[in-house]
1. In the range 13-25, which residues are surrounded by 12 or more Cβ atoms within 10 Å (Cβ to Cβ) and either modelled with pLDDT of 80 or more or among the acidic types (Asp, Glu) (or both)?
2. Would you call GLU31 modelled with pLDDT of 75 or more and either touching a strand residue (DSSP E or B) at 6+ places or on another chain (Cβ under 9 Å) or not in a helix (DSSP H, G or I) (or both)?
3. So which pairs qualify, if the first residue must be in the range 97-108 and outside any strand (DSSP E or B), the second must be surrounded by 21 or more Cβ atoms within 10 Å (Cβ to Cβ) and of a type in the set (Gly, Ala, Ser), the Cβ gap must be under 8 Å, and the two must be at least 6 apart or on different chains?
4. Among the residues of the range 94-105, is any of a type in the set (S, T, N, Q) and at pLDDT below 95?
5. May I ask you to list the residues in the range 68-117 that are of a type outside the set (Ser, Thr, Tyr), surrounded by 16 or more Cβ atoms within 10 Å (Cβ to Cβ) and under 18 Å from ARG55 (Cα atoms)?
6. Within the range 150-163, can you find the residues that are touching a residue at least 40 places away in the same chain (Cβ under 8 Å) and outside any strand (DSSP E or B)?
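The values are calculated or read from the model by the stated rules, or taken from the named source; none is laboratory data. Bear in mind that the values here come from a model prediction, so they are computed numbers and not experimental data. Positions of Cβ are backbone-derived with ideal geometry, glycine not excepted, and every protein chain shown enters the neighbour counts.
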Amino acid sequence: MSVQRWVQGCAALCLVFALTGCTTGRDLAFEIIDSRDTAPGDICGDEPGLFVITRPEEIPSSDLEMHGHGDLSGHLRALDYGRQFAVAVCRGVMPARDPSLIPDVRQITRYGDEVVVRAHFRNAKPVLSKEGGEPALALPYQLAVVTKEGEWGQDVHFVLQVDGKEVQERTVFVP
């Protein structure tokens, strides 16, 4: 094969990728600011999921303060939402209050108008309460502050992947 045909083939392949909208992902910098075995307020539900905070008005402050997480409310209010947003990864109801069950956010990657949050969940074993009755229940979660890179100001499709499986999707406007 001549060099000219090889170059033409590569150029055609690049054109196909450009026209089909294929984009490579960009890992976003993030910092874990809170990890607990019981979620504050209305951040987490009974099922595994994602809670995204893009503006101070979205912070459930009264719930946080009522559940003893006033420091977290203050930390979230102090964020520069022009450059950052927060993502909580929730495990859902677990049959034990055990710090090892807190989700482990491992990577946050942006692909154009989609953000994939990759996390790991350890297996849970029921733990009986001290009285020997029903298992103690918990809502483990981990909260990350994500640095905005590039252009935003659009609806963004968030996907939570746990151990390689899609668990939840949601679309949120990120200013």
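1. The answer is GLY25, and nothing else.
2. Details: modelled with pLDDT of 75 or more: yes; either touching a strand residue (DSSP E or B) at 6+ places or on another chain (Cβ under 9 Å) or not in a helix (DSSP H, G or I) (or both): yes.
Taking the combined requirement at face value, the residue satisfies it.
3. ARG97/ALA138; ASP98/ALA138; LEU101/ALA138; PRO103/ALA119
4. Start the filter on the range 94-105 by keeping residues that are of a type in the set (S, T, N, Q), which leaves 100.
Still in the list and also at pLDDT below 95: 100.
Scanning the range 94-105 turns up at least one residue that is of a type in the set (S, T, N, Q) and at pLDDT below 95.
5. LEU72, HIS75, LEU76, LEU79, GLN84, PHE85, ALA86, VAL87, ALA88, VAL89, VAL115, listed by residue number.
6. Taking the range 150-163 as the starting set, the residues that turn out to be touching a residue at least 40 places away in the same chain (Cβ under 8 Å) are 150, 154-163.
If the condition is that a residue be touching a residue at least 40 places away in the same chain (Cβ under 8 Å) and outside any strand (DSSP E or B), then GLY150, ASP163 are the ones that fit.
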